[in-house]
Each structure stands twice: as structure tokens, then as C-alpha cells.
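Each remark here refers to the structure printed beneath this line.
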Amino acid sequence: MKDVLKSLVPILEKIPEVDNPIKELSFTEKLKWTGLVLVLYFIMGTIDIYTAGAQIPAIFEFWQTITASRIGTLITLGIGPIVTAGIIMQLLVGAKILELDFSNPEDRALFQGTQKLLSIILSFVEAALFVGAGAFGALSPLLALLVIIQIALGSIALIYLDEIVSKYGIGSGIGLFIAAGVSQTIFVGTFGPEGYLWKFLGSLMQGAPEIQYILPILGTIIVFLMVVYAESLRVEIPLAHGRIKGLVARYPIKFVYVSNMPVILTAALFANIQLWGYALYKLGIPILGSYEGGRAISGIAYYLSTPYGIYSVLADPIHAIIYMIAMIIFCVIFGIFWVETSGLDAKSMAQRISSLNMAIKGFRKSHKAIEQRLKRYIFPITVMSSAFVGFLAAIANFIGALGGGTGVLLTVSIVYRMYEQIIREQIAELHPIISKFLKK
């Protein structure tokens, strides 16, 4: 299979890419690039595609939350193709169908290039699925083709905006788009003209407080506090310098070691099952489930759809339990795959520690010794943190937080990590010596 990927190299070399910066960017410059990309993302979300206009089915509401998209605009697909390509590549690597050494720069470049090519292909495939599933009503063949091209080009533009943020900005474009989209939903849902806060205050002034108006706001606050607390938990491994006696340090391994990627990948997988299931159902092939009023009512698609809000959970607790178990299992699977493919595994981390001429205190200064010691921490904490974020995502949905429970979880986690990166960037700019250490 690796040989097949190598045969794609001539094609991959012709795909345009964003060049790396020719010089080290300052924190201010990175902040400007991040802000510029964010503005472009919001502008694209206001540009409607050319279509005859139609009622968007309810099935696409969940897609909109998870993929940072705005149905009917240039970002109709959002980050869907990017994340879906990531899911496919992660599964191929995890199943050993693709045997790549990610410590080898050539293999890592081959993996990233193939994932980018797959993202571009999926932009057209998912655009065709949207149109075929009736997201824009009945269209003539020519108009359908025009809509597909517009949607796909908008998605490809997001692929390159994500690349700009990764190379010139702070954090990742995927995280930035999710956080921006969900934050907008939370703000409008709370403080907009028809926001829950005003509805609750209005009912309170009338002497008959409607508790259902305040529950989504309270749910959002609860999820926020839970994520911030989880992000602060960590295990610290004592390190000692190999040459300078008495020089010690601590290597922190965060409890949420896998970050928010398992949830992003799992939520995107479930959203794709909804999309494919609905498209197949419209074609008379209900193998993933049946739909009514634009929502899954049976089959795999139903049990992997989000039971949003406490009333939905009470109406069908079996659905909620199956959804939670599936969320946890897939988060663990994707968490393990993500650690292996992103350079966070024990072998890669041992190489980084060794390159700093450090060793775990009380153990021999050898790469293998460090790796064996780290394995005792990294694999268990990967499984536990993946299961935890999956459980937390499900609970957040059950609570009924604004912007979708999963969306709030992702947003808080993304913003928290962006805050940490901003602090590191500022420290690195003020102290060049520390900057060299952080890069290692």
C-alpha cells in the first residue's frame, strides 16, 4: 500500500501548497495572520451560493455544528472534507494497511500530502452528497453541477486557510473555525434578540420563570468548568540533566493528553454516517437507517445521532446509552491512532527528551530506558483521556448546552490550548534562549 502512495508523488508535487515562512514570525505577525484568516472565514460564511433556494432538512443541523459550516454559503461543507480525510488516513494507518514511519520526514510528508489530496477529492464527493440528499431542493442537472462546484471550491479554500494558520498563525485552522462558529452560536443564542437570557428574564418579570430557558445557559457554564478543570490535570515526570549534576526539571503529561482530536474525529464520523445514511435513504437504500422529517428514526444512523437535551434522553434512554458507549469507544480508537500519527507516542517523546540531554530521574540515560518508562504513562493516559473526553462530550450533549454539547466541549478545549500557545509565544519572544528550548 505504501508503494501505491509513492506512485502518487508526481500528483502530490503538483498540488499547490502554502510555502513555509522565510523567516521566524513574531507573535504579533502570527496574531495578524490568525485574525485575517478568521475574518475571511466569517466573510465566506456570509456569501450565499447560487441556488434556487430551499428549506434545509433537519439532518444537516448537526453537520453544521460539528464541521464549523454554514449551510447555503461557501462554507457549506466546513471542515468536513479535511476531518473525513483525516479519519480515513488514521484508520488506514491504525489497521496497518499503511505502514509508515512517522519519525521519517519523507513518510510524514507522504502521509500529509495524501491526506490533502484526499481532502480535495472529498470536497467534491461530499458536495455531490449534499446536493443528492436534497439539501437544496430539486435542482436541474446544470444548476446541481454549479452548486457542487461552488461548495467544493469553498471547502478547498478552507483547506488552504487551515494551512495558513498552521504555518503562519496560532493553533490550527480546524480548531479556529470550530471555536469561531460555536462561539457565534453561543453568543447569539444567549444575547441575540431571541436569546435564552432575555426569554428567561422576561418570564421572570412576569412572575412565572420558565426554567427551560435557563437550562441551556447553565449547561454551557457547567461544561466550561468541567473542561477547564480537566485541562489543568497533569502527571509530572522528574527529569535530570545528563551532564550538569543537580539540574532537574519536570516533564508534564496532561491528563487530556490527546487534546480534542478524538472528539472532532468521532463527531465528524457520526456526522458522515448521518449524511451518507440520508443520501442512501433518498436513493431507496436505507441500509444505515430510515428518516422522517429529515431526522433518522431507526438503524445505525439513529443510534449514532445526538440525543440533545435532557428531554431527548428521557424519551429514549437506550438511544442515549448506546450513543455514549459508541462515543467513548470511537474516541479511544481515534485517540490511540492520533497519538501514533502525530508524534506524541512514547518513542517520539523519548527522542525529544534525549535530544535535550535529559533523562528520567533515577533511570539510565538511554533512549530505550526513557521510552520504556514513558510507555507506562502515555498509553494508559491516552486511553483514559480519550474515554473521558468521549464521556464528557456525550454528557455535554445530554445537558443541552448552547452551540451543541460537543461544540462547547471542543470550543473550550481549543480556546484553552490557544491561550497556552499564546503564552508560550510571548515567553519565547521575550526570552530567545527559552525559545530554543521550547522548539525542541
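Can you tell me which residues in the stretch 98-123 are outside any helix (DSSP H, G or I) and free of Cβ contacts under 8 Å to residues at least 60 places away in the same chain?
101, 104
Take the residues of the stretch 10-34 that are closer than 11 Å to residue 168 by Cβ and in a helix (DSSP H, G or I): which is farthest from the chain's Cα centre (by Cα)?
Per the criteria, the residue is 29.
Please enumerate the residues belonging to the stretch 273-302 that are surrounded by fewer than 21 Cβ atoms within 10 Å (Cβ to Cβ), within 15 Å of residue 131 (Cα to Cα) and in contact (Cβ under 8 Å) with a residue 60 or more places away in the chain.
Across the stretch 273-302, the qualifying residues are 276, 282, 283, 294.
Could you pull out the residue among 165, 188, 182 that is modelled with pLDDT of 85 or more and of a type in the set (A, V, I, L, M, F, W, C)?
165
Residue check, residue 149 against (1) touching a Lys or Arg at 6+ places or on another chain (Cβ under 9 Å); (2) surrounded by fewer than 16 Cβ atoms within 10 Å (Cβ to Cβ), all met but one. Which one?
(1)
Examine the stretch 116-126 for a residue that is within 24 Å of residue 290 (Cα to Cα), under 22 Å from the mean Cα position of the chain (by Cα) and at pLDDT 85 or above, and state whether such a residue exists.
yes
What's the number of the condition residue 204 fails, among (1) within 27 Å of the chain's Cα centre (by Cα); (2) in a helix (DSSP H, G or I)?
(1)
Could you grab the pairs with beta carbons closer than 7 Å, sequence gap of 6+ or different chains, first residue in the stretch 3-31 and closer than 17 Å to residue 162 by Cβ, second one of a type in the set (Lys, Arg) and surrounded by 10 or more Cβ atoms within 10 Å (Cβ to Cβ)?
Sorted first by the residue in the stretch 3-31, then by its partner, the pairs are 15/116; 18/167; 20/167; 21/167.
Residues being surrounded by 12 or more Cβ atoms within 10 Å (Cβ to Cβ) and under 19 Å from residue 156 (Cα atoms): count how many of those fall in the stretch 16-50.
16
The values are calculated or read from the model by the stated rules, or taken from the named source; none is laboratory data. What you see is a predicted model; the values in this text were computed from it and never measured. Neighbour counts are summed over all protein chains in view; Cβ atoms, including those assigned to glycine, are modelled from backbone coordinates with ideal geometry.
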